[in-house]
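Where a number appears in this text, it was derived from the coordinates with a stated rule and is not lab data. Since we're looking at a predicted model, the values are computed, not measured. Please note: Cβ atoms are built from the backbone with ideal geometry, for glycine as well, and neighbour counts cover all protein chains shown.
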């Protein structure tokens, strides 16, 4: 993948997740691990070489030897840190730094690297602790053997060797690895969203999950429980030596004990501050991101996302907030779609519960509109062009109906069924229907001018309007429901629309609708007709303007 494209993908990811990642920050884990362990190694070396009182002194051993041995052994141990970048860890860093695309891997490999990314701080810390165990063996057992053979001095007894081994492994390695874990986790969390673009960390199975409770227990262990045995052993050993020593030796032991306790105390204070800060960040950062997302939702911004930075309880809460935002976004889309079928006022009234959809008798005005001679155009015109013409026609007609607070119930072929006064009741529903019909006439005239310019023949339609009582409600089966109207008023309005063909007019309204109009309209009375289902003649009018 070209370098420019990699950078672009990283920027797109940052914009989507809200995480600001950079190449420099992603390289920090590689730099931090040797630094953290070097600080721990130097502190341990100073403690065992200069702070603890020497058991014996031998002038045959030059003072430079311990420093040179420490540097040489440390060089060997730090070679293991570079070996840690081999295999999956090397690939993880390449993906995090944008040098490799996770989507390019096969699904099984992608899942494997996602699992390794979740466990990276733990696995690297475990590997580092193995290096500290090796360091304890080198300095606790191997160095005394080498010193004994090279300088021909007595071998340290086993108790002293074990003391140095466990001191280096538990005190130096344990505390250093705990600090390393928290620092590495803090830095690596910023890279996790690159491996999980969808934020679903909990779908990865067979991953060791460190809960918030375990993380705090681990921090307390690092800053309290590990050094406590060392402090207890140091103090008890000094008390035994003071009890058996003379006055001069007691003074020397007390002075040494003071420096030991001062060194351990300062060490504990520094470690406690680092671990406490990182523990606080593991909780405060996700909570701050959740708070910011909730505030964005309150401001009607449903495109915000909470970055998922862990697979613990805070990660689950963040995922839950994202699911909530997705649900709100879907609800908004549904409301917007609902509003396209009817006016926003009607939609809001239905959603607020002001309108019952279970079925009720209401007075309303029905409007039916049907295109004339459209079948012939369908037979002679390409289907794609027919659809385009229909869409233009329905767009204009629907806009005219919605502008006058009408509801489009359905499209049947090239026919439109609309209602005024249902589901949101209004006293002037006949007026609204007649005004909508006149707007539909104007809209059709404007559309015909466009169609003629495009080389199509003009369209014509017929509109029938009738007012009366209807049964309105959700009708259908449990699998599919629709809001529909039933009653004689619906049938009469449909038949009036059909009469526009016989009379050669575009809008016919019934006597009932005409009597309910409060505005001034120009109408022409047509001969009474007997429609199907009616014994008496129906008075009808042509709507001129």
So the compactness index of the stretch 447-528, its C-alpha Rg divided by 2.2 N^0.38 Å, takes the value 1.46
Protection proxy (average C-beta count within 10 Å per residue), highest first, orders 445-453, 299-307 as 299-307, 445-453
Here, residue 361 and residue 412, labelled 7 Å along Cα→Cβ, have an inter-label distance in nm of 2.4 nm
Taking 108, 312 and counting other beta carbon atoms within 10 angstrom, the fewest-first order is 108, 312
By the mean-Cβ-within-10 Å protection proxy, highest first, 171-177, 147-153 rank as 171-177, 147-153
tail above 16 Å in the computed P(r) of the stretch 239-334, as % of all Cα-Cα pairs, reads 69 percent
So the pair-distance distribution of the stretch 167-298, from every Cα-Cα distance in 10 Å bins, comes to percents of 10, 29, 25, 16, 10, 6, 3, 0
Cα-based Rg then Dmax for the stretch 397-513, in Å, read 15.2, 48
FRET efficiency (residue 206, residue 297; Cβ distance; R0 30 Å; to 0.05) is 0.30
Taking 202, 243 and counting other beta carbon atoms within 10 angstrom, the fewest-first order is 243, 202
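Determine how many Å³ per residue the convex hull of the Cα atoms of the stretch 251-297 encloses.
Expressed per residue, the convex hull around the Cα atoms of the stretch 251-297 is 38 Å³.
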Beyond 17 Å, the calculated P(r) of the stretch 118-233 holds a percent of Cα-Cα pairs equal to 66 percent
In Å, the Kirkwood hydrodynamic radius from C-alpha pairs for the stretch 135-188 sits at 12.5 Å
Ordering 259-266, 33-40 by per-residue average of other C-beta atoms within 10 angstrom, highest first, gives 33-40, 259-266
Per residue, the convex hull enclosing the alpha carbons of the stretch 353-446 has a volume in Å³ of 114 Å³
